[in-house]
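Chemist: I'd like to ask you about the structure that follows.
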Amino acid sequence: MRLRADRTLVRLEVFAVEDTSAQVCWASLPPGPVRLEAAGRAVEIETRPGPGSVVLDGLPAGERLTLQVSGAIDSGGAPLAERSFTTLPPPPGALLGRFAAITDLHIGDTKFGILPTRKESGPAEAHPQRSLRAALAEAVDWGAELVVAKGDLTRSGRARQFDGVAGLLGAAGVPVHVVLGNHDVGPRAADPTAAFERTGVHYDPQPSAVDLDGIRLVFGHSSVPGRTPGRIDAHQRARLAQLVGEAAGPAWLAMHHYPQPLPFRTTKPAGLRSQDADPLFEALRDANPNTMVTTGHSHRHRLHRRRGVLVAETGSTKDYPGTWTGYSVYEGAIRQVVRRIAEPSVLAWTERTRSTALGVWGPYAAGRFEDRCFTELWS
Ligand SMILES: [Fe+2]
Ligand SMILES: [Fe+2]
């Protein structure tokens with residue numbers, strides 16, 4: 001197909017896939033009506049200046065497909081762009097349920113990044129609040145029956161920040177479980193227990209678990225008051241191994257800090273030291289080989305294995321790419337999809353944060369496609 005060169009078409013990409021859906025995002029599309037189509041499924045939109053996003057549903061599973069973007073048919077239908085992508089294969093067994101995870105909400109932040117630092121002036125509601133509100137709405141609309149927030153809920157753990165985040169999380173319309181991050185347990189942090197109790201958010205300072213159909217969710221606490229790096233001591237390690245080991249089936253463990261490969265940090269911010277992480281992941285693997293771990297803290301998307309256990313780091317709601325993560329629980333597998341928060345004012349903000357760190361932040365935080373969207377088969 002002959003494509004029309006158009007400088008107003010910027011960074012069009014298929015950002016996320018599941019078995020039958022794809023999220024398409026762009027920094028800019030030509031003004032006017034635009035049609036996005038793959039495998040005969042089409043969405044027509046009237047573009048507006050700046051970034052945007054659509055979801056194509058009803059796609060064939062496990063197939064290499066071509067996204068075709070063109071001017072709308074009734075306006076001539078000039079082809080504009082093509083992108084290839086592959087939908088995930090259909091998982092084994094029946095779909096048992098869906099839940100979502102978010103992380104690094106940082107309620108109270110007013111800016112992001114260095115070189116350059118991005119600040120916002122304009123919208124009455126600050127970008128961390130808007131990002132969280134939209135992430136919850138979009139995850140619940142997708143089908144999440146429960147949401148887990150993996151820490152750095154606030155900028156610095158002040159009481160008014162906890163009140164703010166508790167109010168937003170409590171209004172999600174589904175049960176919400178939280179763990180704390182290093183920013184929530186800083187030197188002058190408040191105790192958030194009462195704020196979460198008031199709005200019905202589940203917060204337990206001890207390791208805990210909740211059972212869903214087909215999976216046990218386990219909540220670990222890696223944050224140490226007054227310190228950036230994480231720690232899981234032998235006592236908590238044993239308790240977490242017990243909780244995943246007592247699951248009737250697979251287990252999914254959420255904590256704030258990612259495991260470092262070495263005893264010292266090789267990237268910022270420091271995570272869980274390898275001398276803590278290695279015995280933890282060995283204990284989890286031995287207690288329940290069908291366990292996956294998910295973390296935050298790094299504000300990036302990265303998939304790796306530690307001592308044979310799958311580890312999915314996911315990014316912040318409030319800086320590029322600005323995401324929430326959906327989990328579809330099947331009888332024989334779990335599928336992760338990372339979607340960009342599509343609310344226009346959030347996309348406008350997260351696109352601005354992409355170019356921080358001299359332009360390195362964007363690709364670093366987004367990670368590879370396969371870091372974000374995958375199916376893990378249980379043994
Ligand atoms: Fe954070
Ligand atoms: Fe953190």
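The values are calculated or read from the model by the stated rules, or taken from the named source; none is laboratory data. Source: prediction; values computed, not measured. Glycine gets a Cβ as well: all are built from the backbone with ideal geometry, and neighbour counts include every protein chain shown.
Results for (1) among the small types (Gly, Ala, Ser); (2) surrounded by fewer than 17 Cβ atoms within 10 Å (Cβ to Cβ); (3) in a helix (DSSP H, G or I); (4) within 16 Å of ligand 2 (Cβ to nearest atom), shown as yes or no for each residue.
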| residue | (1), (2), (3), (4) |
| --- | --- |
| ASP74 | no, yes, yes, no |
| ALA81 | yes, no, no, no |
| SER84 | yes, yes, no, no |
| PRO89 | no, yes, no, no |
| ARG130 | no, no, yes, no |
| GLU138 | no, no, yes, no |
| VAL148 | no, no, no, yes |
| PRO187 | no, yes, no, yes |
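Chemist: Restricting attention to the stretch 189-218, which residues are within 16 Å of ligand 2 (Cβ to nearest atom) and touching an Asp or Glu at 6+ places or on another chain (Cβ under 9 Å)?
Modeler: Within the stretch 189-218, just PRO192 meets the criteria.
Chemist: Suppose we filter the stretch 278-300 for residues that are in contact (Cβ under 8 Å) with a residue 40 or more places away in the chain, under 24 Å from ARG216 (Cβ atoms) and not hydroxyl-bearing (Ser, Thr, Tyr); how many remain?
Modeler: Result for the stretch 278-300: 13.
Chemist: Something else now. List, please: which pairs have Cβ atoms under 6 Å, are six or more places apart or on different chains, and start with a residue in the stretch 93-107 that is in the same structural domain as HIS297 (by TED's automatic domain parsing) and free of Cβ contacts under 8 Å to residues at least 12 places away in the same chain and end with one that is within 16 Å of ligand 1 (Cβ to nearest atom) and in a strand (DSSP E or B)?
Modeler: Nothing qualifies.
Chemist: Can I ask one more? What is the residue count in the stretch 343-379 for residues that are surrounded by fewer than 20 Cβ atoms within 10 Å (Cβ to Cβ), among the hydrophobic types (A, V, I, L, M, F, W, C) and under 14 Å from the mean Cα position of the chain (by Cα)?
Modeler: Number of matching residues: 2.
Chemist: Is it the case, given these coordinates, that ARG239 is outside any strand (DSSP E or B), modelled with pLDDT under 95 and not aliphatic (A, V, I, L, M)?
Modeler: For ARG239, the condition - outside any strand (DSSP E or B), modelled with pLDDT under 95 and not aliphatic (A, V, I, L, M) - is not met.
Chemist: Of (1) touching a Pro at 6+ places or on another chain (Cβ under 6 Å); (2) more than 28 Å from PRO90 (Cα to Cα); (3) of a type outside the set (Ser, Thr, Tyr), ARG340 satisfies all except one. Which?
Modeler: Tallying (1) touching a Pro at 6+ places or on another chain (Cβ under 6 Å); (2) more than 28 Å from PRO90 (Cα to Cα); (3) of a type outside the set (Ser, Thr, Tyr), ARG340 fails exactly one: (2).
Chemist: What do you reckon, is ALA209 assigned to a strand (DSSP E or B), out of contact with any Gly (no Cβ under 7 Å at 6 or more places or on another chain) and assigned by TED's automatic domain parsing to the domain that holds PRO175?
Modeler: Spelling it out, ALA209 is indeed assigned to a strand (DSSP E or B), out of contact with any Gly (no Cβ under 7 Å at 6 or more places or on another chain) and assigned by TED's automatic domain parsing to the domain that holds PRO175.
Chemist: Cβ-Cβ under 7 Å, sequence separation 6+ or interchain: first residue in the stretch 114-142 and over 16 Å from ASP319 (Cβ atoms), partner β-branched (Val, Ile, Thr). Which pairs?
Modeler: Qualifying pairs under 7 Å: LEU136/VAL147; GLU138/ILE341; ALA139/VAL147; VAL140/VAL174.
Chemist: Oh, and also: Being under 18 Å from ARG372 (Cβ atoms), assigned to a strand (DSSP E or B) and not polar (S, T, N, Q) is the filter here, so list the residues in the stretch 12-45 that pass it.
Modeler: GLU13, VAL14, PHE15, ALA16, VAL17, ALA22, VAL24, CYS25, TRP26
Chemist: Filter the stretch 222-239 down to the residues that are crowded, with 23+ Cβ neighbours inside 10 Å and touching a helix residue (DSSP H, G or I) at 6+ places or on another chain (Cβ under 7 Å) and list them by number.
Modeler: Once the filter is applied, which keeps residues that are crowded, with 23+ Cβ neighbours inside 10 Å and touching a helix residue (DSSP H, G or I) at 6+ places or on another chain (Cβ under 7 Å), the stretch 222-239 yields SER223, ILE232.
Chemist: Given the residues GLY322, GLY308, GLY315, GLY296, which is the only one that is surrounded by 22 or more Cβ atoms within 10 Å (Cβ to Cβ), on the phi > 0 side of the Ramachandran plot and in the same structural domain as ASP211 (by TED's automatic domain parsing)?
Modeler: Step by step, each of GLY322, GLY308, GLY315, GLY296 is checked, and only GLY322 is surrounded by 22 or more Cβ atoms within 10 Å (Cβ to Cβ), on the phi > 0 side of the Ramachandran plot and in the same structural domain as ASP211 (by TED's automatic domain parsing).
Chemist: Can you name every residue in the stretch 171-185 that is among the β-branched types (Val, Ile, Thr) and either under 21 Å from ILE232 (Cα atoms) or surrounded by 16 or more Cβ atoms within 10 Å (Cβ to Cβ) (or both)?
Modeler: VAL176, VAL178, VAL179, VAL185
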